[in-house]
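Worksheet for the structure shown next.
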Amino acid sequence: MSVSAPDGAKLQLEPVIGLEIHVQLLTQTKMFCSCALSFGEPPNTRTCPVCLGLPGSLPVVNERAIHFGLMIGMALGSELAPRSIFHRKNYFYPDLPKGYQISQYDEPLCLGGDLDGVRIHRVHLEEDAAKLTHAGATGRIQGSSRSVVDFNRGGTPLAEIVTEPDIRTAEQASDWLKLLRATLRRLGVSNVNMDEGSLRCDANISVRPVGTTTLGTKTELKNMNSFRFIERGINAEIARQRALIEAGEAVVQETLHFDPTTEQITSLRSKEEAHDYRYFPDPDLIPVAITPEMLEAARAAMPELPAARAERFERELGLTGDSAHQLAFRGELGDFFEAGLPHTGHAQQLATWVTGELVRHLGDADPASSPLRPDGMAALVELVAARKVTQTAAKDVLAELVANGGSPEEVIAARGLGAIDDSDQLAGIVAAAIAGNTDAAEKIRAGNRKAIGAIIGQVMRQTNGRADGGEITRLVLEQLGLDG
Amino acid sequence: MTDPTGLSALDASRLIEAGELDPTDLFDAYRERAATDELNAFTWVADAAPPSVSGTALGGVPLGVKDLFCTEGVPSQAGSRILEGYRPPYTASVVARLAAAGAPLLGKTNQDEFAMGSSNENSAFGPVLNPWDHGRVPGGSSGGSAAAVAAGLVPWALGTDTGGSIRQPASLCGIVGLKPTYGAVSRYGMIAFASSLDQAGPFGRDVTDTALLFRHMVGDRDSCDSTSVTYPAKVELPRARRLDGIRLGVPAELSGDGIEPGVLAAFEATLDLARSLGASVDACRLPHAPHALSAYYVIAPAECSSNLARFDGVRFGMRAPESTDLISMYTRTRHDGFGPEVKRRIMLGTYALSSGYYDAFYGRAQRVRTKISDDFRAVFDDFDFVVTPTSPAVAFELGAKTGDPLSMYLNDVCTVPMSLAGIPAISIPNGLARPPAGGSELPTGFQIAGPAFSENRILDAAYALERELAFDSSRVRP
Amino acid sequence: MIDREDVLHVARLARLELSEDEVIQMTGELAKVLEHIARIGELDLDGVPPTSHVVELTNALRPDVPRPSLDPEVALASAPAVADGGFAVPSPQA
Ligand SMILES: [Mg+2]
Ligand SMILES: [Zn+2]
C-alpha cells in the first residue's frame, strides 16, 4: 500500500484500535463442571474428570454463567441471541486439557451494543485455560526445560467482549476499559482485577491515513496486564507501525507481545504452521435458548450502571461532572458517598472529600472495609462547612478516622483540633506573624498579593492548622490597611 | 442347580429373588468361565463377587462391560495402547446405574481401539475370535461383548454403537443387540468416539434379556450428559406373538447390492415368516441412504479427531519415553499410542475440518444427515419399521479386510443410516448362512429399526420373530 | 485430491508423527476413502439445514452449586510425570 503524500509532506496517520477483553465470571463453579472456582488454593485441588479432560467426561453449561452473560449483554446494549451454541476450538497446548477450548463462535450469546460511543461487536462465553508454570531446575523462565500444569483455573467461565475498532488513542482505550471495568464490577459478575487476571485485554491495532475509511493491516497485541501497560503498549505499537509505513514498509498481520520492562514489542508467531482451529459445533452440548424467564431474571438483577449513575449525580445532586464520574465509575466510592448523603446537606463537598482525601488514604481499597463510617465522613463535611474545623485540621481528623474509626467530634475534642473561633486571639497571632515577616508585608502593600502565603503559613504553623485560611487573609489585609 | 450359566439373565434374576440361586454362586460360575476365555473377549475379569447386591431389581446377574466405559479403579483402556493400564477415578453413569440395579461388573470386554472398526482386529490387546469359528472375526467394535455373550462367558453385556458397533457384532455372533435412540442412555463416562452418534446399548442371548438390561439402562436423564433425555416410557418385557397390522418397510437401497446371497436368502425367509405372523411387507425408499456411509465417514472421523486430542501424554495414559520437547511429546506419544485405524480416522477427520475443506466435507455431511433423517421420517409415516439384513456379510476370516479400509467400512452400510438419524434399531439372530467362499454356516442378523423411542415396539416385534425363528446358539456355549 | 503435502500438514495439525512409510500408505488410503466420500458433493443440498444433533433439545443447564473436587493425589495418579503438585511437561519454550 502506498501512503506517501504527493508533495512529500509527512502523512497524517490515525490509529484504529479495537479491544478484546476476557473477563473471569464470578460464579460459584466452573463453566462446564461443578468444581468451585479457585482463588489461590494449592495446585490441582479444584479438578474433576470434566475439567481435567479425562476420557469419557462431558461438559454441562453453568446456568449462572449464562445469567451473567445476559446481564453483560444488557449492560452493553447488545442484542441477546434467542439461540446460541458452543463450538470447539481445536489446538494443542498443555494448559488445554481436552485439546480444544469450548467457546462460542458464529452464534454467540450477545451481538452488537455500545458503551460510551464504542460499539460492541459481540460478547461470548468460553472456558479459561489452566495455569502453566515454567520452572526448570534452574528456576529460570526462559529456556527452562520443564513446565508444570495446575488445572485449578482451567474451566473458569470467561466472557469475551469484543469491540468494533472505534478507539483512536491509547488513552481512550485505557479510559474506556476503566468504564467497562466499573460497569462489570457494578454488575457484580466479575472481580475485574487486572493484577489477578480476572480482567485481561488484547488490542487490535492498525493505522491509516486520516480521512480514509478502509482499515490498515492490523496486529494483535496480547495480554497487557495493567492500564499503564495498555497505554504504553498501544502507543509503542502505533509508533512501530507509523515508522514502518513512513519507511515505506508494510505492516504484517501478526500477534505481538509487549514487554513492559524493555518496552519492546516481539512477535509471538511460533515456528509452527499458522493455526487452523477447525471450529465445529461441540456435539457434547446442545443450544442455549434464552427463555422469557431467563431474560426477566437478568433484567431484575440489573443494577444502576455507572454511566446512568454519573448522570443522576450531576442532575439530581448538582455534582460536577468530574466528581460524578469518579464516584460512579468506582461504584464502591459511589456507594459510600450515597450512604453518607443523608447526613449532610453538602453533596459536592462530600463528593470532593470522598474522591480526594479519602482516596488518597485508601488507594484502590473499598471504603466500606475501612473503620471510617459514611455518616462520620458526612459529619466531618458538616463540621468543615460550619467552620468548626478547618480544612487542614479536618485532614488530620480524617486520617485518624480512617485509621481507628470513631466520630469526628470525638477526635476533634480529644486532639484539640477545633477551629480557633476567638477572633481576638487569632488577630494577635496574625499581628505577630506580620511583625516577623516585614519583607512579605512590604510586598503585599506593594500589591503582590501572593506574598501573603508566607504569613498565612506562619499562622498555620502557630495554630497547628486550626485557623481558617480565609479568616487569616482577612485579618492580614485588615491589619495592613488593605481591603479584601 | 449345577450350572447356573445355562440360565437366561431373566430366569437367573427370578431364581435369585425366589431365594433359589445364590448370586455369589452365579457370579463365581461366570467368573470361572470368563477366566478360561479362549476368545480374548475379556481384557479384565473381577477377582471376586461384589459384596452386596441384595434388594436390587436384578439381584446380581453379572455384566460384561465394553472396555471404553470408565470403571473406577478398574482398567478402562478402550482397546488402546495409549490407555494401557489406565484406571479412571470415576465410573460411567450407565455402569453405575446398572450396578445399582443389581448387574455388577464381571469383566471388561475387548473392543476395536476407541470403537473404530468392524472386526475387532483393531484392538491393542489382540483380536477377539468368533465363537462360531475361531478363525473368523466376531465383528466390531463391540466384538468382545458380543463374543462373550454368545459363548456364555457372561449372561449379558454393554456395548456401544456409533455406526453399527452393537448390531453388526451381534449379527456375526448370533445374539441380540440393541442400539437405542440417541440420548436414551447416558454417555457420561463412555470414552467418546463420535459424540453425536455414540450410544450405549445392551447385548443379550435373547430379546427378553436384552429388554430387561435396557430397562435398567434408561430412566431419568443424566444431569452429567447434556444430550441425555428422560426415557418417555417404562421398558416392558416383550410378549407379542403375532405381527398383525405391522407394516414392515424394506428399503431397496439397503437390501440389494453388496449383500451376500446367503445373508439375503435368510433375510427374505424371515420376511416371509413376518408375513405369516400377520405383518405386511412392502418396499420403501430411503433415497439418501446410499450417501449415508460417506456422510458417516466424514462426521465420525471429524468428531473423533477432536475427541481424541485429549490423549496427549499429559494427564493420563502413556507418554513416549523419548519426549524431550513439547511437540515431540505430543507427536511421538500419539504415534506410538494409537493404532493404524485410529490414526487414519484422526487424519481423515482433521482433514475434513481443516480450513478450506469444512464446507465441502463436514458442512455437507451434516446436511446429508438432515436428508437421511427426513427420509426415515417419511418412511415412518407409512411403515412401523424399516427392516434390513444387519450386516451384508457373515463373519469373515481374520485378516481378510485389514488391508483395505474402504471394504471394511462397507460392513456398516446397513447400520449407519439409523445411527445418523439417531433412531433405535435391533439385530436379532436370523439363522445361519454359508459364506460365499464356502465353509461352515455362520450366523446372520435381521435388523428392525423404528422411530425415536420406539424400543418397546421394536422389542415386541423382535420377540415375535425370535419365537418363530427358534435360533439355537447353544452349541457355541460349552 | 489429497497429496503428500496435505498429509504432512494434517499430521502436524493432529500432532501425529508419521514415518515415511506411514506417510506413503496414509496418502494412498486417504485418497481412496476421500474419493468415496466425495460423492456427497454430487447431491443438491441447497437450503438443507445441517444437523449437528438429532435430539432437538435446548438448555441442559446446571445449577451453579459446587460439588467436591478430586483429591489432588487422585487427580495426579495417572499422570506420566508429576512435579511440584502439578502435571509436568516439557516446556513449550524450551
Ligand atoms: Mg477467547
Ligand atoms: Zn471440574
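Points to keep in mind about this one:
- Selection within the stretch A:34-50 - within 12 Å of ligand 2 (Cβ to nearest atom), open to solvent by 10 Å² or more (accessible area, probe 1.4 Å) and hydrophobic (A, V, I, L, M, F, W, C): A:Ala36, A:Leu37, A:Cys48, A:Val50
- Looking at the stretch A:141-247, the strands (runs of 3 or more DSSP E) lying wholly inside it that each contain 3 or more residues that are open to solvent by 10 Å² or more (accessible area, probe 1.4 Å) and away from ligand 1 (no atom under 16 Å from the Cβ) sit at A:146-150.
- Looking only at residues of the stretch A:93-107 that are more than 11 Å from ligand 1 (Cβ to nearest atom), crowded, with 22+ Cβ neighbours inside 10 Å and outside any strand (DSSP E or B), we find that the one that is farthest from the other protein chains (Cβ to nearest Cβ) is A:Leu96.
- Given (1) touching a residue at least 24 places away in the same chain (Cβ under 8 Å); (2) out of contact with any Phe, Trp or Tyr (no Cβ under 8 Å at 6 or more places or on another chain), number of the condition A:Ser369 does not satisfy: (1)
- Only residues that are modelled with pLDDT of 85 or more, open to solvent by 70 Å² or more (accessible area, probe 1.4 Å) and not small (Gly, Ala, Ser) were counted across the stretch A:408-424, and they come to 3.
- Single unsatisfied condition, B:Arg334 versus (1) surrounded by 24 or more Cβ atoms within 10 Å (Cβ to Cβ); (2) basic (Lys, Arg); (3) more than 26 Å from C:Ser19 (Cα to Cα): (3)
- Positions within the stretch A:317-347 being open to solvent by 50 Å² or more (accessible area, probe 1.4 Å) and part of a helix (DSSP H, G or I), in sequence order: A:Leu317, A:Asp322, A:His325, A:Gln326, A:Phe329, A:Asp335, A:Glu338, A:Pro342, A:His343
- Among the residues of the stretch A:108-139, those identified as part of a loop (DSSP other than H, G, I, E, B), modelled with pLDDT under 95 and either among the polar types (S, T, N, Q) or more than 21 Å from the chain's Cα centre (by Cα) (or both) are A:Ala135, A:Gly136, A:Ala137, A:Thr138, A:Gly139.
- Within the stretch B:200-218, the presence of a residue that is in contact with a strand residue (DSSP E or B) (Cβ under 7 Å, 6 or more places away or on another chain), within 14 Å of chain C (Cβ to nearest Cβ), surrounded by 21 or more Cβ atoms within 10 Å (Cβ to Cβ) and of a type outside the set (D, E, K, R) is excluded.
- Output for the stretch A:103-127, where each listed residue is within 16 Å of ligand 2 (Cβ to nearest atom) and either farther than 23 Å from A:Met294 by Cβ or without any contact (Cβ under 8 Å) to a residue 60 or more places away in the chain (or both): none
- Elements of type helices (runs of 4 or more DSSP H) in the stretch A:395-484, at least 1 residues being among the hydroxyl-bearing types (Ser, Thr, Tyr): A:423-436, A:438-445, A:452-463, A:469-479
- Test result for B:Gly356, touching a Lys or Arg at 6+ places or on another chain (Cβ under 8 Å), within 11 Å of chain A (Cβ to nearest Cβ) and assigned to a loop (DSSP other than H, G, I, E, B): no
- Exactly one residue out of A:His121, A:His67 is more than 15 Å from A:Asn152 (Cα to Cα), more than 16 Å from ligand 1 (Cβ to nearest atom), surrounded by fewer than 21 Cβ atoms within 10 Å (Cβ to Cβ) and not aromatic (Phe, Trp, Tyr), and it is A:His67.
- All positions within the stretch C:62-85 that are out of contact with any Pro (no Cβ under 9 Å at 6 or more places or on another chain), open to solvent by 50 Å² or more (accessible area, probe 1.4 Å), within 7 Å of another protein chain (Cβ to nearest Cβ) and under 25 Å from A:Ser145 (Cβ atoms): C:Pro80
- If you go through the stretch C:25-37 and keep only what is more than 7 Å from chain B (Cβ to nearest Cβ) and free of Cβ contacts under 8 Å to residues at least 12 places away in the same chain, you end up with C:Gln25, C:Gly28.
- Residues satisfying the stated conditions in the stretch A:16-31, i.e. within 16 Å of ligand 1 (Cβ to nearest atom) and open to solvent by 10 Å² or more (accessible area, probe 1.4 Å): A:Glu20, A:His22, A:Gln24
- Of everything listed in (1) aliphatic (A, V, I, L, M); (2) surrounded by 24 or more Cβ atoms within 10 Å (Cβ to Cβ); (3) under 21 Å from B:Pro104 (Cα atoms), the single unmet condition for B:Val235 is (2).
- Whenever a residue of the stretch A:183-194 is without any contact (Cβ under 8 Å) to a residue 40 or more places away in the chain, its partners that are assigned to a loop (DSSP other than H, G, I, E, B) and not acidic (Asp, Glu), lying with C-beta atoms within less than 6 angstrom and at least six residues away or across chains, give the pairs A:Met194/A:Asn225; A:Met194/A:Ser226.
- Residues of the stretch A:51-64 classified as open to solvent by 20 Å² or more (accessible area, probe 1.4 Å) and either within 16 Å of ligand 1 (Cβ to nearest atom) or part of a strand (DSSP E or B) (or both), total: 0
- Cβ-Cβ contacts under 6 Å between residues 6 or more apart (or on different chains), taken from a first residue in the stretch B:270-289 that is touching a residue at least 24 places away in the same chain (Cβ under 8 Å) to a second residue that is open to solvent by 70 Å² or more (accessible area, probe 1.4 Å) and assigned to a helix (DSSP H, G or I), are listed as B:Leu273/B:Glu468; B:Val281/B:Arg275.
- The single condition among (1) surrounded by 24 or more Cβ atoms within 10 Å (Cβ to Cβ); (2) under 30 Å from B:Ile299 (Cα atoms); (3) in contact with a strand residue (DSSP E or B) (Cβ under 6 Å, 6 or more places away or on another chain) that B:Ser419 does not meet is (3).
- Applying a threshold of 9 Å to beta carbon distances and a minimum spacing of six or more residues, or different chains, the list of pairs starting in the stretch B:359-371 at a residue that is more than 7 Å from chain C (Cβ to nearest Cβ) and ending at one that is open to solvent by 50 Å² or more (accessible area, probe 1.4 Å) and not in a helix (DSSP H, G or I) reads B:Tyr362/C:Pro50.
- Among residues of the stretch A:17-29 being facing chain C (nearest Cβ under 9 Å) and more than 17 Å from A:Arg185 (Cβ to Cβ), the one that is farthest from ligand 2 (Cβ to nearest atom) is A:Gln28.
- Odd one out for A:Pro59, checked against (1) within 10 Å of chain B (Cβ to nearest Cβ); (2) farther than 27 Å from B:Ser196 by Cβ: (2)
- Test: residue in the stretch B:376-399 that is within 12 Å of chain C (Cβ to nearest Cβ) and either without any contact (Cβ under 8 Å) to a residue 24 or more places away in the chain or among the basic types (Lys, Arg) (or both): yes
- Each residue in the stretch A:298-316 was checked for being of a type in the set (A, V, I, L, M, F, W, C), closer than 30 Å to A:Gln104 by Cβ and buried (at least 16 other Cβ atoms within 10 Å of the Cβ), and 3 pass.
The values are calculated or read from the model by the stated rules, or taken from the named source; none is laboratory data. The structure displayed is predicted, hence computed values, not measured ones. Positions of Cβ are generated from backbone atoms using ideal geometry, with glycine treated the same way; all protein chains shown enter the neighbour counts. What goes into the accessible areas is simple: the full protein's heavy atoms, side chains included, and nothing from ligands, DNA or RNA. Shrake-Rupley method; radii C 1.70, N 1.55, O 1.52, S 1.80 Å.
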